[in-house]
Structures are given as structure tokens and as C-alpha cells.
Amino acid sequence: MLFDRHDFRNKDFAIQEEEVPEGLKVVIYRILQDALNNVAKHSEARRVRVHLGKGQDRIELSVKDNGRGFEPASVLNYQTEKPGFGLASMRERTELSGGSFRLESGKDKGTLIRASWPAE
């Protein structure tokens, strides 16, 4: 799904709701909610692409923006960030639900968040 501040009509999901395990639905929703909140608060992005799909053996969520980006090491330090907030919360939710979390960002390069889980 591609969001533009001027056009929210574009939708593209490569998975059906019944293909997502019940226990994972809330996890995906919360990660997506946190990711979009971060885009709105911090990124100054004009566009955001959200993808939720199922490959042969994985369920994948990605959120990519074209915002100002940041240095991931500066914000993913668990010792300085309170658990339950922001990127650390997304990573924690993903890993506690059996998935893997990846973050790519750089100054003026936007941000890409990927979470994936084994498909049952």
C-alpha cells in the first residue's frame, strides 16, 4: 500500500486475512501502528509504502518512507531506550512472536522497517 499525504486510495495487500495466524494479527497491527506513528512524528516523509504479504515460507511486513532518515545505531540502544517505545518495541514484538526484525536507514535516505515470521 502506498500512502501519499494527498492520496490515501492506493491499496495492495499480497495476503488474505485468514492466512495470518490469529496470534500474529495484533502483533502486525501494533508494529504497523508504531511504524506509521514514527513516520508521522519524525520522518518528514512525503510518501510511505506499506507491504504485507506471504511468500513460500514467510509472512512479511515492510514499511518504507522517503523521509530524512537517521543512524539506526543511535536509536536502537536498548540500554538508553525504555522498553515498549518506538523501534525497540517493534523489534521486541517481532522477536517475541517468533519473527525477525530488520531496520535500514541513513541520513536523508529514508527508512525501511521489515518484520517477518515463519508461515505456518
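The values are calculated or read from the model by the stated rules, or taken from the named source; none is laboratory data. Nothing here was measured: the structure is a model prediction, and the numbers come from that model. A quick note on method: Cβ atoms are made from the backbone with ideal geometry, for glycine too, and the neighbour counts reach across all protein chains shown.
Please go through segment 74-95 and give me each residue that is of a type in the set (S, T, N, Q), surrounded by fewer than 18 Cβ atoms within 10 Å (Cβ to Cβ) and at pLDDT 95 or above, ordered by number. Show your work before the answer.
Residues of segment 74-95 that are of a type in the set (S, T, N, Q), as a first pass: 74, 77, 79-80, 89, 94.
Narrowing further to those that are surrounded by fewer than 18 Cβ atoms within 10 Å (Cβ to Cβ): 74, 77, 79-80, 89.
Result: no residue meets the conditions.
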First in segment 1-24 and at pLDDT 50 or above, second anywhere and in a loop (DSSP other than H, G, I, E, B) and of a type in the set (D, E, K, R), Cβ under 7 Å, 6 or more apart: Met1/Lys11; Met1/Asp12; Pro21/Glu120
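Working carefully through the options Gly53, Gly67, find the one that is out of contact with any Pro (no Cβ under 8 Å at 6 or more places or on another chain), at negative phi and in a loop (DSSP other than H, G, I, E, B). Spell out the reasoning first.
Details: Gly53 fails: in a loop (DSSP other than H, G, I, E, B).
Residue meeting the stated conditions: Gly67.
I'd like the full set of residues that are of a type in the set (Gly, Ala, Ser) and surrounded by 17 or more Cβ atoms within 10 Å (Cβ to Cβ), limited to segment 10-41. Break it down into steps so the answer makes sense when it comes.
Narrowing segment 10-41 to residues of a type in the set (Gly, Ala, Ser): 14, 23, 35, 40.
The answer is Ala35, and nothing else.
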Segment 96-115 - residue that is assigned to a loop (DSSP other than H, G, I, E, B) and among the small types (Gly, Ala, Ser) and, of those, surrounded by the most Cβ atoms within 10 Å (Cβ to Cβ): Gly99
